[in-house]
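Scroll down for the structure; my scribbles are underneath it.
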Amino acid sequence: MRRITITLLPLAAAAMLANGVSVAQEAPRRTITHISGDVYRATNNFHGTVFLVTTDGIVLADPLSTDFAIWLRNELDARFGVPVRYVVYSHHHWDHASGGSIFSDTAEFVGHANMLDHLALPPATTSLRDVVGQYAPVAALDLDGNEIVDRDEARAGDVDGVLFTAFDADGDGLLEGAEVMRGPVSHVVPPEITFTDQHEITLGGKRVQLRWVGEMNHSLDSSMMLFPDDDVMFIVDYVTFGRLPYREMDFELGRFDQWMERIAEAEAIAADFTHIATGHGPVGNRQNIVEWREYLEALSDAVARGIAAGESLEELQATVTMDEYRHWAGHDWVHENVLGMYHFLTD
Ligand SMILES: [Zn+2]
């Protein structure tokens, strides 16, 4: 695996892990809003999930976090009085899939079969120096170079509390290479019902259709969730509305062309749905997917033109500013988007 240079200061680790969201100790902003029919959206700061309410119980998508799931369970009990029967995962990433244990007494857990691979620990021989991508800043917290990130080193990088225990798979208070490479997924309940292509759940007379998104950079276990009886589609992270792609766009995982194919497929399926919810940002519609694709095409074209003209990465980062997207959230990630696209196009 190719090594990337770590330019982030350790203190940036936690902010980066929080998906661009400050992890300051403010009270979280949480909402529940109606989307359509019996499908609702719930948000926890900058993360969103959806759920379907039926007389026989609730189908919940991503539980987001343990803290959020505790809040959500109370809200669901008070508002609807039926239990969560299924927790259905969009993908394994900690900031979407954590917290399901709060529903373990009543729910079955459903996800793509590749989730089990993503959640498995890499070999114990994995070195912190092997960690690339979004968790590389955590590996870099091993300042004394003893191949372990201990609690003090982690705390210095704001990898503390729930986040530390999420990395610490064996609970020994030390983060080893395999644990950092796997990511902070210890609070993710693995799916007990898995599928490889499609899966349909019927509850209270309503259908929830799960479809594997397919191979792409972001993860290999992403599923879209369709609520055909309520006209809602839910897609997470590989499409987001009104916000730039997250930082370096997982460029170390390659597969940019496949990502674009997956977006085009989402666009086609979205023609059958009025309401499209994503894991971040407001509920939108098919046109928002079109805009997301157009952003990536414009970015790709601009970076490709610069490369053809012999510009360096630094020159590209100075000239490709995507000003027409200044009104999108995360516009300050544009330099990292350019870096990611540069690697997609040249690696
Ligand atoms: Zn993700």
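Just so you know, all these numbers are worked out from the coordinates, no wet-lab data involved. The structure presented is a predicted model; accordingly, all values stated were derived computationally and were not measured. As a convention, Cβ positions derive from the backbone with ideal geometry for all residues, glycine included, and neighbour counts pool all protein chains shown.
Let me know the charge dipole size of the stretch 1-233 about its Cα centre in debye, to the nearest 20, where only the beta-carbon of Lys, Arg (+1) and Asp, Glu (-1) is charged.
640 debye
Based on a Kirkwood Rh over C-alpha pairs, give the Stokes-Einstein translational diffusion coefficient of the chain at 25 °C and viscosity 0.890 mPa s in µm²/s. Please report the intermediate quantities before stating the final value.
Working: Rh = 20.8 Å.
Taking Rh from Cα pairs, D becomes 118 µm²/s.
Explain nothing, just compute: Karplus ³J(HN,Hα) = 6.51 cos²θ - 1.76 cosθ + 1.60, θ = phi - 60°, for every residue of the stretch 132-140 in order, whole Hz, x for Gly and Pro.
Rounded to whole hertz, the list is 10, x, 5, 9, 4, x, 6, 4, 5.
What ranking do 158-170, 298-310, 231-243 get when scored by the average of other Cβ atoms within 10 Å per residue, highest first? Working shown, then result.
On the way: 158-170: 18.2, 298-310: 15.2, 231-243: 23.2.
The peptides rank, most packed first, as 231-243, 158-170, 298-310.
With θ set to phi - 60° and the Karplus curve 6.51 cos²θ - 1.76 cosθ + 1.60, what are the ³J(HN,Hα) couplings of the stretch 86-97 in order, to the nearest whole Hz, using x for Gly and Pro?
Computed from phi, the couplings for the stretch 86-97 are 9, 10, 10, 8, 6, 5, 7, 4, 4, 7, 10, 9 Hz.
At 7 Å along Cα-to-Cβ for each site, give me the label-to-label distance between residue 34 and residue 294 in nm.
Those two pseudo-labels are separated by 3.2 nm.
Going out from 0 in 5 Å bins, what whole percent of all Cα-Cα distances in the stretch 239-347 drops into each bin?
In order of increasing distance, the bins hold 2, 12, 23, 24, 19, 12, 6, 2, 1 percent.
Within the stretch 162-207, list the GluC sites (Glu not before Pro) lying in a DSSP loop whose Cβ has at most 14 other Cβ atoms in a 10 Å radius.
On the way: sites: 176, 179, 192, 200; in loops: 176, 192.
Here the sparse-neighbourhood loop sites are 192.
Over the stretch 188-347, what is the relative contact order in percent, taking alpha-carbon pairs closer than 8 angstrom and at least six residues apart?
Working: 237 pairs, mean separation 37.2, N = 160.
Relative contact order here is 23 percent.
Among 120, 316, 93, which residue has its Cα positioned farthest towards the positive end of the charge dipole of the chain, with +1 placed on the Cβ of Lys and Arg, -1 on the Cβ of Asp and Glu, and the dipole taken about the Cα centre?
Of the candidates, 93 comes out farthest on the positive side.
Per Stokes-Einstein, at 25 °C and 0.890 mPa s, what whole-number D in µm² s⁻¹ belongs to the stretch 34-162, with the Kirkwood radius over Cα pairs as the hydrodynamic radius?
Working: Rh = 16.8 Å.
For these conditions, the coefficient is 146 µm²/s.
Scan around residue 108 for amide H atoms under 5 Å from its own, H built in the peptide plane at 1.01 Å from N, and keep only partners 5 or more places away or cross-chain.
Those lying under 5 Å, H to H, from residue 108 are 86, 87.
Where Lys and Arg each count +1 and Asp and Glu each count -1, what net charge lies around residue 298 among other residues with Cβ under 12 Å from its Cβ? Walk me through the numbers on the way to the answer.
On the way: positive: 293, 305; negative: 291, 294, 297, 301, 323, 324.
Combined, the nearby Lys, Arg, Asp and Glu give -4.
Taking only C-alpha pairs under 8 Å that are 6+ residues apart, what is the relative contact order of the chain in percent? Mind dumping the intermediate values first?
Numbers: 678 pairs, mean separation 54.6, N = 347.
With pairs under 8 Å counted, the relative contact order is 16 percent.
As a check on your grasp of the helix formula, calculate [θ] at 222 nm for the chain: sum -39500 (n - 2.57) over DSSP H runs of n ≥ 4, divide by the residue count, round to the nearest 500. Intermediate results must be reported in sequence, preceding the final value.
Working: 12 runs with 111 residues, N = 347.
One gets -9000 deg cm²/dmol as the mean residue ellipticity at 222 nm.
At 4 °C and 1.567 mPa s, grab the translational diffusion coefficient of the stretch 107-172 from Stokes-Einstein with a Kirkwood Rh over Cα pairs, rounded to a whole number in µm² per second.
In µm²/s, the coefficient rounds to 96.
Can you compute 3J(HN,Hα) from phi for each residue in the stretch 187-203, using the Karplus curve 6.51 cos²θ - 1.76 cosθ + 1.60 with θ = phi - 60°, rounded to whole Hz and x for Gly and Pro?
Per-residue couplings from phi come out as 9, 9, 6, x, x, 9, 10, 10, 8, 10, 10, 9, 8, 10, 10, 10, 9 Hz.
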